[in-house]
Amino acid sequence: MLESLEKIKNESINDIQSAQSTADCDQLKSFFLGKKSPLAAVLKDIPSLPVEQRSVVGKRANEIKQELSAYIQEKKQTLHTQQLEHSLSHDSTDTSLPPFKIRNGAFHPITSITRDICDIFSRLGYSVKQGPNVESDFYNFEALNIPEHHPARAMHDTFYLKNKQVLRTHTSPVQIREMLSKKPPVKIIAPGKVYRCDADVSHSPVFHQIEGLCVDKGLTFSDLKGTLEFFLHELLGPEKNIRFRSSYFPFTEPSVEIDVEFKSKNKSSWMEIMGAGMVQRKVFKHVNYNADDFTGFAFGLGIERIAMIKYQIDDIRLFYENDSRFIQQF
Amino acid sequence: MKFSYSWLKSLLPLTESPEDLAEKLTMAGLEVESIDSIGTCIEGITTGKIESISPHPNADKLVITSVSDGKNSHQIVTGAKNISVGDIIPVSLPGSVVASGMKLKQTALRGVDSFGMLCSETECGITDESEGIWILPSDTPLGVDFVEYAILKDSILDIAILPNRGDCQSIWGLAREIAAITGETLSLPKVSVSSTDIKHSYSVQSQSSHCPLYIGRYISSINKAPTPLWMKRRLELCGIRPISLIVDVTNYVLLETGHPLHAFDDAKCASKSISIIESTKKHSLTTLDSQKRSCQEGQLLICEGNTPVALAGIMGAENTEVSPDTSAIFLEAAYFTPHIIRRSATLSGLRTDSSSRFEKGTNIETTELASQRAAMLLQELGQATVSNHVITCKDNTHELFKSKSLPFDINQLNSFLGSNHNENSIKTLLTTLGFTIKNKQISIPSWRREDISDWPCIAEEIARLKGFDSIPSTLPTQHIIQDQDSLELTLTRSSEDFFVHNGFTQLNTYPMVSEDDIKHCKLSTDLSQYGLANPISPELAVLRPSLLPSFLRIISHHSARQQHDCAFVEVGSHFNDNNEEHVLAFCLTGSPYENTASPDQRSIAENSPFIHLQSLLQRLEAQLGYSFTLSFDSPDSWHHPVQFQHFSIGNINLGSLALVHPSISSQFNIHHPLAFGHLSLTRLASIVATPKQYRHFSSFPSTRRDIACCVPKSLSYAEILSHIHTYKHKSVVDIGIFDLFESEKLGPDNKSIGIYLIYQDLKQTLADEKVNKAHQRLCDQLVKQLPLTIR
């Protein structure tokens, strides 16, 4: 009896092995393990066996039933996986087609540079302020120690509105607005558009500046130097050489211009990057700060110039032509 | 301003090369913009006298000359036409090099040996083109080193003089500055005039406070001598054309001292009564450049009798111009205040060597010295007689005549700079610059009185001359807590980010537009307020009332270049009713989607840019934490009559979004549907966003019910929705649309809308019957209130 059981097992396994589909497996399951299967027949005959054989045969028959059942299940799983893989691999999607895609947006390079600069100063604890484009003579000139007949007015080719107001020629009026609105200490930067009525290949009537102002007790010129060296090294690279050169602005004293050395293959040249200085005591008087108690430094730089250096742009007019093929590059 | 290196070198020993000197000047605030090297190749040119001229045996156009250099005679063949025996000329002998770089060799011309070359001005490097040989004055010594004699080799430093450094607008002033920088000793020419008791009838009267000092000298019997070569050359090197001795001397003194002088021809002055007046519109004069000029109010004039004879400080008039025959002059040396000259020069549109010096300020206390120096030179070079009756018209009370001093505290200066300079070295430095320090007081030299106004100016002098390198670099040690960035700035950044991340390109446009473009956009502005008084072009003449014209220009630029997809954003300023606002502007024409094999998304956006922008704006609004009220009434002038919406919060209008009316966009050659929106961030920032707050959500299942209905086309979704909101059951948590179509079956005036509602309760699973009942009640209400049939 046991032999016939083993025979059933082996024959069944052979058949299961040759199954081609999960449907085959289901069929084989009922064929080998169903009520009319040879195994069922053996189990049915057990009561007719001698008592000592009954348990042996019965136990073995059950074992085989378990084994076959597991075997079929396993075969079915294998076949299922194969079928899934087969059907998936016949997917006709062309994955090389361009996807459904929104275009890449882009920030104007002026925005990118402005944000870079603001981020560096925010690490030093400066907050960002804005001021109006249309200014009164007081904020743009008078309070900055540029009275009406001051020679420095010749440095500013000013646009006037018909109502006698000016389009600000620099972002420095924001200094005045800030100081008039709050007590020292002050630590601000102010990015924005400025206007000069000289347009040629290298000048645009509208361009962008960032102004910075730090006022507190005991600030020194060496603080100005350290701050701007930190800033320029962060912006342009720690290896850059920086020099401070004497200059003149009516609202700072001493005044400097700051040059950065740029090296190309076999020559190096100094490029003027920004202006700075210690706040003129007359400016403090205009904003009712006590010039004997407080000192401060201010600085300003042209954003276009930085963008032109960083991105190697050779024509300032590209910024305002606003061709998307230009802006998309940044 | 141009400065001759060799001239400077004659005033103080310079060991620096022109390049090194330029570097030092630049660092000290006298920025050298360029160095022009003159006669770099020239070598060995000398002077000679033509002893004889004989014909060339083999050539008609050549002659054979014999030239003596004082020691030897040289046979030189030349083709020159303008020479005659006895002329003194520059000559270049074998071994010397002329301006072109050619080295002279002994040569034979048509069979006759020639030992050198007679030189023209071109060969000497002083002009680009010249005719004939340079005939030198008859008193020129023979055999001199002509390169040095005629200053053929030099470096011209072009220096940008800062507005506060009027004192450096002269060779003497610059030399003083160089002495302080290099530590060398300055030696200026001694000025002394021997004057004679000669009477004249001149009188001077200043009627303007803008002329606190006027010095007049009468100088007569001036010989008609030519200007010496060295003076001519120095004038030329500094960019001034030599004219005649009298004019050249005044110009030379201008270069030396920085004081503009003017010589009036005595013979042309009838009344000898000189007055300085502020002009009225009646006055006019013809200046030396032959321009007839009508005077403007407030220009300063010099009059002789009642006739204007000079635009003070700028240019003289033809009526009293000195000529080659002039033998007597009235020499003016005066101080005019900087701003009157700046104003006058601006009004007449005329800037001269003279006006540019007065504008930055001349040294009032050396005006007399300049007058003496000119008299001395005329005496030396033209054997002139100088009258000792000098007229000085002076306002002694003027601010500039007062001496000025400031406290001097080296500790204060050092702690301001953060430096550690030694007191003695600072004192030496300042003394070289003309300051005197005594008892903790520093007195300011007259030529710096306008510039040096407070002690930080002294700190600047120290810093710039000791070098900024000598100051350490530190960071402020105090910790300053600063304000948070303004809400407007945060909104600006967030909305820029949002649009760029959704495929938009950020623009940066000029806030000025043309008047025409404003009209084309059917916008209006108050030109008396926002028109520019001095625009550089009609395209940039008005501050814009909206970003629309700027955007239309940029889109037009793109469509002319076959770039039809324009998804642009900018936060910029617009100007209305005395108010400048920051506005978020955005536009869409074409599609923000790239081309794909299935063009659905692309074409949806392309055909309905308005709807596309609507969806973006709604997402932005949610992200910023606001909820706008939309209104669909009364389109703006640039709006499409139907596709537009206004948005507001409370009673604050924030902006609008619309399809640009095709009659407007077509004026800019834009022929595709274009949607444009603007949102005032300035106004939005005045409203506090709804703060975020947790709301409990239900853990019980939800159930959906639909309303499919047929309505007239004129009934808007918004209206249906507002009715649903009125009559809905409280357990409705979401409402949306899932279907919209028109068909023949519905008829031409109707549309079908499918709306879903999600019912959900916070505390229990809703029973179907309850939902059905609530939903039915809603449907009944809708049918009752609206022209609506449930399908």
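The values are calculated or read from the model by the stated rules, or taken from the named source; none is laboratory data. Nothing here was measured: the structure is a model prediction, and the numbers come from that model. Neighbour counts are summed over all protein chains in view; Cβ atoms, including those assigned to glycine, are modelled from backbone coordinates with ideal geometry.
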- Can you find even one residue in the stretch B:591-603 that is of a type in the set (A, V, I, L, M) and under 30 Å from the mean Cα position of the chain (by Cα)? no
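Test of understanding: among B:GLY655, B:GLY677, B:GLY625, which residue is small (Gly, Ala, Ser), touching a Cys at 6+ places or on another chain (Cβ under 8 Å) and in contact (Cβ under 8 Å) with a residue 40 or more places away in the chain?
B:GLY677
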- Message: Restricting to the stretch B:720-756, name every residue that is within 60 Å of the chain's Cα centre (by Cα) and surrounded by fewer than 14 Cβ atoms within 10 Å (Cβ to Cβ).
- Response: B:SER722, B:GLY736, B:ILE737
- Task: Among residues belonging to the stretch B:137-174 that are more than 14 Å from chain A (Cβ to nearest Cβ) and touching a Pro at 6+ places or on another chain (Cβ under 7 Å), point out the one that is modelled with the lowest pLDDT.
- Result: B:PRO137
- Candidate set from the stretch A:81-114 (those that are more than 8 Å from chain B (Cβ to nearest Cβ), in a helix (DSSP H, G or I) and within 28 Å of the chain's Cα centre (by Cα)); member that is nearest to B:ILE481 (Cα to Cα): A:THR114
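Taking the stretch A:1-26 on its own, how many of its residues are within 30 Å of A:LEU84 (Cα to Cα), in a helix (DSSP H, G or I) and among the small types (Gly, Ala, Ser)?
Residues in the stretch A:1-26 being within 30 Å of A:LEU84 (Cα to Cα), in a helix (DSSP H, G or I) and among the small types (Gly, Ala, Ser): 2 in total.
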- Query: Of the residues that make up the stretch A:258-274, is at least one touching a Pro at 6+ places or on another chain (Cβ under 9 Å) and touching a residue at least 12 places away in the same chain (Cβ under 8 Å)?
  - Reply: no
- Message: If I ask for residues that are surrounded by 15 or more Cβ atoms within 10 Å (Cβ to Cβ), part of a helix (DSSP H, G or I) and out of contact with any helix residue (DSSP H, G or I) (no Cβ under 8 Å at 6 or more places or on another chain), which ones from the stretch B:510-529 would you list?
- Response: B:GLN529
- Among (1) in contact with a strand residue (DSSP E or B) (Cβ under 9 Å, 6 or more places away or on another chain); (2) modelled with pLDDT under 95; (3) not in a helix (DSSP H, G or I), where does B:GLU332 come up short? (2)
- Could you grab me the full set of residues in the stretch A:219-242 that are touching a helix residue (DSSP H, G or I) at 6+ places or on another chain (Cβ under 8 Å) and either of a type in the set (Lys, Arg) or closer than 16 Å to B:ASN414 by Cα (or both)? A:THR220, A:PHE221, A:SER222, A:LYS225, A:LYS240
- Message: Looking only at the stretch A:182-197, how many residues end up being of a type in the set (D, E, K, R) and surrounded by fewer than 19 Cβ atoms within 10 Å (Cβ to Cβ)?
- Response: 2
- Query: So, of the residues in the stretch A:175-215 that are touching a Leu at 6+ places or on another chain (Cβ under 8 Å) and in a helix (DSSP H, G or I), which turns out to be nearest to the other protein chains (Cβ to nearest Cβ)?
  - Reply: A:GLU178
- Note on the structure: Selection from the stretch B:199-232 of residues in a helix (DSSP H, G or I) and crowded, with 21+ Cβ neighbours inside 10 Å yields B:LYS232
- Message: Can you pull out every residue in the stretch A:194-233 that is over 21 Å from A:ILE306 (Cα atoms), polar (S, T, N, Q) and touching a Phe, Trp or Tyr at 6+ places or on another chain (Cβ under 8 Å)?
- Response: A:THR220
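For every residue, the table says whether it meets (1) part of a helix (DSSP H, G or I); (2) under 30 Å from B:LEU588 (Cα atoms); (3) more than 7 Å from chain A (Cβ to nearest Cβ).
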position	(1), (2), (3)
B:PHE416	yes, no, no
B:THR428	yes, no, yes
B:TRP447	yes, no, yes
B:ALA463	yes, no, no
B:ASP469	yes, no, yes
B:PRO472	no, no, no
B:GLN482	no, no, no
B:ARG493	yes, yes, yes
B:VAL500	yes, yes, no
- Item | Qualifying residues in the stretch A:115-160 (those that are farther than 23 Å from A:VAL206 by Cα and touching a Leu at 6+ places or on another chain (Cβ under 8 Å)) - the one farthest from the other protein chains (Cβ to nearest Cβ) | A:ILE120
- Message: If a residue must be in a helix (DSSP H, G or I), in contact with a strand residue (DSSP E or B) (Cβ under 9 Å, 6 or more places away or on another chain) and under 21 Å from A:HIS150 (Cβ atoms), how many such residues does the stretch B:346-385 contain?
- Response: 5
- Single unsatisfied condition, B:ASP20 versus (1) more than 27 Å from B:LYS190 (Cβ to Cβ); (2) touching a strand residue (DSSP E or B) at 6+ places or on another chain (Cβ under 9 Å): (2)
- Take the residues in the stretch A:198-227 that are surrounded by fewer than 16 Cβ atoms within 10 Å (Cβ to Cβ) and in contact with an Asp or Glu (Cβ under 8 Å, 6 or more places away or on another chain), then tell me which one is farthest from A:ASP314 (Cα to Cα). A:LYS217
- Message: Of everything in the stretch B:17-39, what is in contact with a Lys or Arg (Cβ under 7 Å, 6 or more places away or on another chain) and either in contact (Cβ under 8 Å) with a residue 60 or more places away in the chain or away from every other protein chain (no Cβ under 14 Å) (or both)? Give them in sequence order.
- Response: B:MET27, B:ALA28, B:GLY29, B:ILE38, B:GLY39
- Item | Selection count, the stretch B:548-566, where residues are in contact (Cβ under 8 Å) with a residue 40 or more places away in the chain and either assigned to a helix (DSSP H, G or I) or small (Gly, Ala, Ser) (or both) | 10
- Note on the structure: Per the filter on the stretch B:588-608, residues in contact (Cβ under 8 Å) with a residue 24 or more places away in the chain, within 14 Å of chain A (Cβ to nearest Cβ) and in a helix (DSSP H, G or I) are B:GLU606
- Could you check B:SER470 against (1) more than 27 Å from A:PRO191 (Cβ to Cβ); (2) touching a helix residue (DSSP H, G or I) at 6+ places or on another chain (Cβ under 7 Å); (3) of a type in the set (Ser, Thr, Tyr) and say which number it fails? (2)
- By residue number, the members of the stretch B:567-587 that are within 11 Å of chain A (Cβ to nearest Cβ), in a strand (DSSP E or B) and over 10 Å from B:PHE551 (Cα atoms) are B:ALA567, B:VAL571, B:GLY572, B:SER573, B:HIS574, B:PHE575, B:ASN579, B:GLU580, B:GLU581, B:HIS582
- Could you tell me which numbered condition A:ARG115 fails, if it satisfies all but one of (1) in contact (Cβ under 8 Å) with a residue 40 or more places away in the chain; (2) under 30 Å from A:HIS233 (Cβ atoms); (3) not β-branched (Val, Ile, Thr)? (1)
- Message: Being more than 18 Å from B:GLY132 (Cβ to Cβ) and either buried (at least 19 other Cβ atoms within 10 Å of the Cβ) or at pLDDT below 90 (or both) is the requirement here; does B:GLY44 meet it?
- Response: no
- Item | Residue in the stretch B:345-362 that is under 25 Å from B:GLY434 (Cα atoms) and either away from chain A (no Cβ under 14 Å) or of a type in the set (A, V, I, L, M) (or both) present | yes
